[in-house]
Structure formats: C-alpha cells, structure tokens
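So the structure is just underneath, and the comments pick up after that.
The values are calculated or read from the model by the stated rules, or taken from the named source; none is laboratory data. It should be emphasised that the depicted structure is a prediction, and the values quoted were computed from it without experimental measurement. Virtual Cβ from ideal backbone geometry, glycine too; neighbours counted across all protein chains shown. Only protein heavy atoms, including side chains, enter the accessible area calculation; ligands, DNA and RNA are left aside. Shrake-Rupley method; radii C 1.70, N 1.55, O 1.52, S 1.80 Å.
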Amino acid sequence: MDRETRALADRHFRGLGGGVPGVGRAPGRVAFVSDPGAFSYADFVRGFLLPNLPCVFSSAFTQGWGSRRRWVTPAGRPDFDHLLRTYGDVVVPVANCGVQEYNSNPKEHMPLRDYIAYWKEYIRGGYSSPRGCLYLKDWHLCRDFPTAAEDAFTLPVYFSSDWLNEFWDALEVDDYRFVYAGPAGSWSPFHADIFRSFSWSVNICGRKKWLLFPPGQEETLRDRHGSLPYDVTSPALFDTHLYPQGQLACPPLEVTQEAGEMLFVPSGWHHQVHNLDDTISINHNWVNGFNLANMWRFLQQELCAVQEEVSEWRDSMPDWHHHCQVIMRSCSGINFAEFYHFLKVIAEKRLLVLGEAAAKDDAGLGFEQAAFDAGRITDVLASLVAHPDFQRVDTSMFSPRPKELLQQLRKAVAATSAP
C-alpha cells in the first residue's frame, strides 16, 4: 500500500464514522479486469475494496499457476490421473447437493480416489447417480500439503492482506484456504461467507454461474418465519404468503466465471453458485482492515440472536452472559474473547512493523499498510472494549489487557499521523 492509497482509505473510514457501508442495489454488471500489467493494488482498493463491489479478473492473472497446468488435461477437463497420483489417498470432505440439511448439505469424508471413482461413474451415467450429486467442498489443501499448495497457485497481491489466514497460520491450527471440485450440476446453496469475510475464487477448470446479492438485499428474501432461502432459484420464492417481501427483491447480479478467471466476492454479499461444467476451483476467505468493521458488526448481531433465543432463561441461569458466549462460539466459530485474541495477534504484528520502520526511518509500502491496519484495529478494538458484553468477559489473564493494547495502538497511530 502506498501513502496516497492509505490516505484515501483513512478518509473513507473517517467518513463512515465507525459504521459500515449501507444497503445498496446491485450494479448493472460486474467489472472485468483484463490486464495484470495495467491494474495495481491501489486500483483494486479504489475500485472494489472501498466501495465493496465484486469484480472478475481475467485468466491472464492466473496463467502461471501450476494447478492450471497440472490439474487439467489439454482438453480443459479435470486431470483425474494426476490428481489420483498426487493426492489419491487424502481424505476429503464431500457434500451431497441433493439433500438439504437446514440451509446447507450434509457432508461425509472419503479418500479422494473414491470420490474421483464416483465422479467418473457420475459422468458415465449421464451426470446422474443413485448416490446423488456429490461435491468435494472445503478441502484444506494448503493446510494438508503446504509445499504442494505453493506450486498450485501464487497468492495475488490484491488479496495478500489476509488477516484470517495470518491469524490461523500463527496458531498453526487451521486455515480458510480451500479447494472445491465437482461435476456439472453440483452447487452451493444461498449463503454469505463466514464472519462476513471477503472471498476470492479461481476456476482451475470449468465454469461457474454466480448469483450475487449486495448487503441488505437478502432481507427481502426471508420467509414469513424470518429464515433465508436454501435455493434462490426455487419457484417457492414467488409464493407471497411464504415470502411476503419477495416482490421487493431485486434480481441477482449474475456472473458466468470462465476457466482461469478469478472472482472477488465482497464482504456481506450473499450468493449461490452452480457448476456449469466439471469444475475445480481454489477459494480463500479473508478479512483485513477494509472489512474488519463488517466482521465486528456480524459478531454483535450473532450474539444478539443468541441472547434473544435464550432470553427466557436470563434470570434463572447462572452466568447467563457467559453461556451466551459459549453458544455463540458453537454456532459462529468465535466469541468476543477470541475476537479480541484475533485482533491482538494482528495488532502486535503491525506494531512490530511500525516500530522497526520508525527505528530505520523507513516509510516503505510495508509501513503504510501496517499504519492503515493499526488504525482500523484501533477503531474496532475501541468499540469492542466499550461493549457491555465484552466488559463482562474475564480478561484478567489476557496479555496485554485490552485497554493496554488499545493505548499502544492509539499511540502508534498518532505517531504515524504526525507530519
């Protein structure tokens, strides 16, 4: 990040006054970025990160990836033989697209060689099987095979500020980097990405159809019970008794993503995805300073939903607020205490960069990115520290204590703003 881009981003977030971008209608089309040599990180910030809009990058951005050479046949189809030789014994998660389990699909685990055997059989059967349509989803290739992943793809610079995976890599526990692979007709039901993260998705081979809804539009798709739909292409959405606000819904922004192309999915955009061909894709979820406030708002909404659900036990249940945090973690994967730990890990890394840069009188791109990140963490941490439910969390064993970290950040941010 250069100084001008940081200044632009800082002005943008000051203008929001600690809020997040409001509800908007989908643009008429998704922008297409064709030339890697003519599109900078600053262009991405201005055109897509700050306004929180989707875009498609041409296949020229991924033409050097090893996966596009090795995982695909000359005819552009999945190279099953290579995948079997390289990863055949790996156990992978597989969803059944034909079975609805709440608003998702049930999963099982099987060796990749068994899934590929199924996939071949599914193709021979005219894209039909008594087992249904199975879809390999959320395979943690980078976690399971770090060296193989390095050869499979190169992280685009536009997505390199990735706090989710930076955090999990520091803990050496998990990641949010995935491989998806499935036959034509496999699909992912309507959803928004975890923690309201950004995501990027590259088709190694095959095509996908994306149906995208900007933040807030999903509210018009709720049924009379308040639930979001499983499938936004279902005729049931025209039933005004079941979906009373359905007539207010705007058509989705529809994108056909070709082989090699890379789609940026902004924060909070609900979407549904269909594989039009036999398809393999690499996908990452990521959070950074540009959508941190969205993540924090989502976590507050999740806690409110939990508290409302168990409100009848508020007076009778000992440590009711603590139990709400436990339930929230079970449902959402994180609670307020862990969110603080997430902020702390990233903040300490940025403070280290700022300290080293100041000692060397270094104002390079790393400094500007770290200064921007520290500013965004400061704003969100201040809101977290002031939140009544976080004030009920026992932070006596936290190091540093939240207010101490906030003070360190404010001091560092003030120093980076000095003339």
_Which numbered condition GLY260 fails, given (1) outside any strand (DSSP E or B); (2) under 22 Å from LEU136 (Cα atoms); (3) open to solvent by 50 Å² or more (accessible area, probe 1.4 Å)_ = (3)
*Considering only residues of segment 75-97 that are without any contact (Cβ under 8 Å) to a residue 24 or more places away in the chain and over 17 Å from ASP277 (Cα atoms), which is surrounded by the fewest Cβ atoms within 10 Å (Cβ to Cβ)?*
ARG85
*Of the numbered conditions (1) hydrophobic (A, V, I, L, M, F, W, C); (2) within 23 Å of ARG77 (Cα to Cα); (3) in contact with a Lys or Arg (Cβ under 6 Å, 6 or more places away or on another chain), MET262 fails exactly one; give the number of that condition.*
(3)
*Out of (1) of a type outside the set (Val, Ile, Thr); (2) farther than 22 Å from ARG143 by Cα; (3) not in a loop (DSSP other than H, G, I, E, B), what's the single condition that is false for ALA75?*
(3)
*All but one of (1) open to solvent by 50 Å² or more (accessible area, probe 1.4 Å); (2) part of a helix (DSSP H, G or I) hold for PRO318; which doesn't?*
(2)
*What's the number of the condition THR416 fails, among (1) modelled with pLDDT under 95; (2) among the hydroxyl-bearing types (Ser, Thr, Tyr); (3) not in a helix (DSSP H, G or I)?*
(3)
_Hits in segment 17-51 (condition: outside any helix (DSSP H, G or I), at pLDDT 95 or above and buried (at least 17 other Cβ atoms within 10 Å of the Cβ))_ = VAL30, VAL33, PHE39, LEU50
*Among the numbered conditions (1) open to solvent by 20 Å² or more (accessible area, probe 1.4 Å); (2) among the β-branched types (Val, Ile, Thr); (3) free of Cβ contacts under 8 Å to residues at least 60 places away in the same chain, tell me where VAL306 comes up short.*
(1)
*In segment 334-343, is there at least one residue being among the hydrophobic types (A, V, I, L, M, F, W, C), assigned by the TED database to the domain that holds ASP389 and open to solvent by 60 Å² or more (accessible area, probe 1.4 Å)?*
no
*From VAL326, VAL345, grab the single residue that is under 21 Å from ILE194 (Cβ atoms), in a helix (DSSP H, G or I) and over 22 Å from the mean Cα position of the chain (by Cα).*
VAL326
*For segment 130-182, how many residues are of a type in the set (Ser, Thr, Tyr) and open to solvent by 20 Å² or more (accessible area, probe 1.4 Å)?*
5
*Give the residues of segment 130-189 that are within 16 Å of the chain's Cα centre (by Cα) and part of a loop (DSSP other than H, G, I, E, B), sorted by residue number.*
HIS140, LEU155, PRO156, SER160, SER161, ASP162, ASP174, ASP175, TYR176
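How many residues are in a loop (DSSP other than H, G, I, E, B) and of a type in the set (A, V, I, L, M) if we restrict to segment 200-251?
4
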*Does ASN203 satisfy being more than 18 Å from CYS97 (Cα to Cα), polar (S, T, N, Q) and modelled with pLDDT of 95 or more?*
yes
*Return the pairs, sorted by first residue and then second, in which the second residue is modelled with pLDDT of 95 or more and open to solvent by less than 30 Å² (accessible area, probe 1.4 Å), the first residue lies in segment 32-59 and is farther than 20 Å from ASN291 by Cβ, the beta carbons are less than 6 Å apart, and the residues are 6+ apart or on different chains.*
PHE32/VAL56; SER34/SER58; PHE39/VAL33; SER59/GLY260; SER59/GLU261
_Looking at PRO266, PRO189, PRO215, PRO244, can you tell me which residue is touching a residue at least 40 places away in the same chain (Cβ under 8 Å), open to solvent by 20 Å² or more (accessible area, probe 1.4 Å) and on the phi < 0 side of the Ramachandran plot?_
PRO215
*Mind telling me which of the residues PHE80, PHE48 ends up being in contact with a helix residue (DSSP H, G or I) (Cβ under 7 Å, 6 or more places away or on another chain) and either at negative phi or not hydrophobic (A, V, I, L, M, F, W, C) (or both)?*
PHE80
